[in-house]
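One structure below.
Bear in mind that the values in this text are calculations on the coordinates, not laboratory data. Predicted, not measured: the structure shown is a model, and the values here were computed from it. Heads up, the Cβs are rebuilt from the backbone with ideal geometry, glycines too, and the neighbour counts pull from every protein chain shown.
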Amino acid sequence: MSPILAIETSCDETAAAVVLGREIASSVVASQADLHAPYGGVVPEVAARHHLGTVNAVVDRALDDAGLALEEVATIAVTQRPGLIGALLVGVSTAKALAYAAGLPLAMVDHLHGHIAAVWLEPVALDPPFVSLIASGGHTRLDLVTDYARPRLLGQTIDDAAGEAIDKGARLLGLGYPGGPALERLAREGDRSAHRFPVGLERRSRDFSFAGVKTALLYAVREAGPLGDRARADLAASYQEAVVRPLADRLVAAAVAEGVPAVALGGGVAANGRLRELVEERASGEGLLVAVPDRALCTDNAAMIGAAAQFTEPVPWPDYLGLDAVATASRPR
Ligand code: KG4
Ligand code: ZN
């Protein structure tokens, strides 16, 4: 099997991995979360500069962990879009330079196709067809996957991403950033039926909206005045429910409507225990298989980019440089 070296720098994780088919030979993720925490969100310029300082070491580590030299790699893969432009540029430039120097083809991967392809890797190793839900700090979408090369968008958020709504809700309740894990912990102590928060868009929709529930929480917090522990936990539980319930409902409804036998989860929000519980509950009622990769494969990582790369036509050496001058350069091997 031909080893792929994959690089991911679209947001606040500098990541590199080596994958061989469905096997992950190594996966290194350097998170910048602590760096951005004081700002309550990712600062694009800070992210880009930090990627620049970290990416080479992360790539070296991924190769080391896999026991490979760059010369033994067959293809380089990199996240091309979407993401923070400065952050993406660091990964793309690094990948182009490495691929050019080593005489390798370069696969330019869509970050969302990467999230979707995480379930293709071992040990989940899910084959199509299925409906995928990717919910993260930047994205919330449903895709019908009959072919990993061409996921078909079924629905998406019309305003905030689910993770963004969770982070903003967590902040309103006085929790730190990123708020997901803290909100989930607090929600466990509360009553999820204490408040009736609105669910965005009508039930039959495949799109999502979280602006309304966010505003409803803002008003509920203002109305409540100083919050005791119990009141805060009830708000957290009710709010989390209003965000994750439509995710689970619409994922399973879409799978039933499309007549596929499985659903898959991905993105940082897939770590949420209540979301998983609801998806399991709904899916088992419909006889659907539920595929969820390890938490490390749900959040941003490069192994998923290496997976999606295997469904992406690579650009031959040295066409990805787009320079006439190098078209006549001699290939190193
Ligand atoms: O995929 P991810 O690591 O980064 C991108 O946004 O690309 O997702 C991060 C998001 C954050 O909004 C975070 O609050 C949310 O995933 N998250 C969670 C949990 N863990 C992380 N949301 C709900 N429950 C969790 N346990
Ligand atoms: Zn992501």
Notebook entry, point to check: Nearest 10 degrees, 0 to 90: what angle lies between the long axis of helix 273-285 and the longest principal axis of the chain (Cα atoms)?
Noted result: 90 degrees
Note to self: Per q in 0.12, 0.14, 0.16 Å⁻¹, report the Debye log10 I(q)/I(0) for the range 182-268, using one uniform scatterer on each alpha carbon and no solvent.
What the structure shows: -0.43, -0.56, -0.69
Check: Based on the alpha carbon coordinates of the chain, what radius of gyration and maximum Cα-Cα distance (Dmax) apply, in Å?
Finding: 20.8, 71
Next item on the list: Read phi for every residue in the range 58-63 and hand back ³J(HN,Hα) as whole Hz from Karplus 6.51 cos²θ - 1.76 cosθ + 1.60, θ = phi - 60°, with x for Gly and Pro.
Entry: 5, 5, 4, 5, 5, 5
Notebook entry, point to check: Listing Met304, Met108, Met1 from the residue with the fewest other Cβ atoms within 10 Å to the one with the most, what is the order?
Noted result: Met1, Met108, Met304
Next item on the list: Pop out the ³J(HN,Hα) list for the range 77-85 in order, Karplus 6.51 cos²θ - 1.76 cosθ + 1.60 with θ = phi - 60°, rounded to Hz; leave Gly and Pro as x.
Entry: 10, 8, 6, 9, 5, x, x, 6, 4
Notebook entry, point to check: Which value in Å does the Kirkwood hydrodynamic radius of the range 120-266 take, with 1/r averaged over all unlike C-alpha pairs and then inverted?
Noted result: 16.0 Å
Check: Taking θ as phi - 60°, what are the ³J(HN,Hα) couplings along the range 240-256 by the Karplus curve (6.51, -1.76, 1.60), each to the nearest whole Hz, with x for Gly and Pro?
Finding: 4, 4, 5, 7, 7, 4, x, 5, 5, 4, 6, 4, 5, 4, 5, 5, 5
Next item on the list: Identify, among Gln156, Pro261, Pro128, the residue whose Cα sits farthest towards the positive end of the charge dipole of the chain, taking +1 on the Cβ of Lys and Arg and -1 on the Cβ of Asp and Glu, with the dipole about the Cα centre.
Entry: Gln156
Next item on the list: Would you give the gap between the C-alpha center of the range 45-98 and the C-alpha center of the range 148-193, rounded to a whole Å?
Entry: 28 Å
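Within a Cβ distance under 14 Å of Arg295, other residues only, what is the Lys/Arg minus Asp/Glu net charge? Please list the in-between numbers first.
On the way: positive: Arg276; negative: Glu13, Glu184, Asp294, Asp300.
In short, -3.
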Checklist line | Rounded to 10°, Cα long-axis angle of helix 162-172 versus longest principal axis of the chain | finding: 50 degrees
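Rounded to the nearest 0.05, what FRET efficiency do Leu89 and Asp60 have when you use their Cβ-Cβ distance and R0 = 22 Å? Spell out each step's value before the answer.
Working: r = 20 Å, r/R0 = 0.92.
Efficiency, from the Cβ-Cβ distance: 0.60.
Using r as the Cβ-Cβ distance of Ser284 and Val315, and R0 as 51 Å, what FRET efficiency do you calculate, to the nearest 0.05? Don't skip to the answer; put the middle values down first.
On the way: r = 43 Å, r/R0 = 0.85.
Result of the calculation: an efficiency of 0.75.
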Notebook entry, point to check: Which of Ile7, Val59, His111 sits closest to the plus end of the dipole of the range 3-115, meaning its Cα is farthest towards the positive end, when Lys and Arg get +1 and Asp and Glu get -1 on the C-beta?
Noted result: His111
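Assign unit charges at the C-beta atoms only (+1 for Lys and Arg, -1 for Asp and Glu), then state the dipole size of the chain relative to its Cα centre in Debye, rounded to the nearest 20.
Details: 29 positive and 40 negative charges, 146 e Å.
Roughly 700 debye, rounded to the nearest 20.
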